[in-house]
Amino acid sequence: MSRRRKSQSTITVERVASKDLWLVAQGLDHKCFPCPVWLTTKEWQWYDPYLIFLEGAAVGFAAIRPDSNLSLERDRFFASPDTVYLGRIGIVPLFRGRGLASRFLEWLIDWGKRNQYSRITCNSAEANHGSRRLLKKFRFQSIGSVVCSPLRPEAPPLLITIWERPLTAASSLSRALSG
């Protein structure tokens, strides 16, 4: 059996538009992330979920929030109507390392530009080195950090880095923070 190059495998991204696909996305969340970092049912309501298909099989999902003004409401980083907030990308462990998250980010950047958004924002735990490398690869810039409550009571607080990827010449947040 020959191995195909990453660029030769067919991936597609599809918005979740039915309850059945919503359950698939939620199930993938459980496969991709250990408990207790699953999205709750309430959190899922804030996002537009998308499935990532490889050769027709659902192998990942993403949760985005167009016109983001709900994400971490207390944080000024996400209060902009021309922003797409990337809440999460999850790839099933068996399919990691094949460039699927990169290809999803390429799709999201193109989608954001086509829909005239000025930027994409997201966050990652300071200790999540894989996520940080991926975001830097796609020219996301660190624009600040926040301290969040730990996932377990005995754990230390989490340091979360906020990232921005301008889609236009100068995003509104970058101008606001520098001014």
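When 120, 143 are sorted by how many other C-beta atoms sit within 10 angstrom of their C-beta, beginning with the fewest, the order is 143, 120. Close amide H pairs (under 5 Å, H built 1.01 Å from N) link residue 119 with 84, 167, residues at least 5 positions away or on another chain.
Here 83, 40, 161, 168 are placed in order of increasing Cβ neighbour count within 10 Å, fewest first, which gives 40, 168, 161, 83. The phi-based Karplus calculation (6.51 cos²θ - 1.76 cosθ + 1.60; θ = phi - 60°) puts the 3J(HN,Hα) values of segment 99-104 at x, 5, 5, 4, 5, 5 Hz, whole numbers, x for Gly and Pro. Less than 5 angstrom separates the built amide H of residue 143 from those of 162, 163, 164, all sequence-distant by 5 or more or on a different chain.
Taken together, the values in this text are just the output of simple stated rules run on the coordinates, not laboratory data. Worth saying up front: this structure is predicted, and the values here are computed from it rather than measured. Positions of Cβ are backbone-derived with ideal geometry, glycine not excepted, and every protein chain shown enters the neighbour counts.
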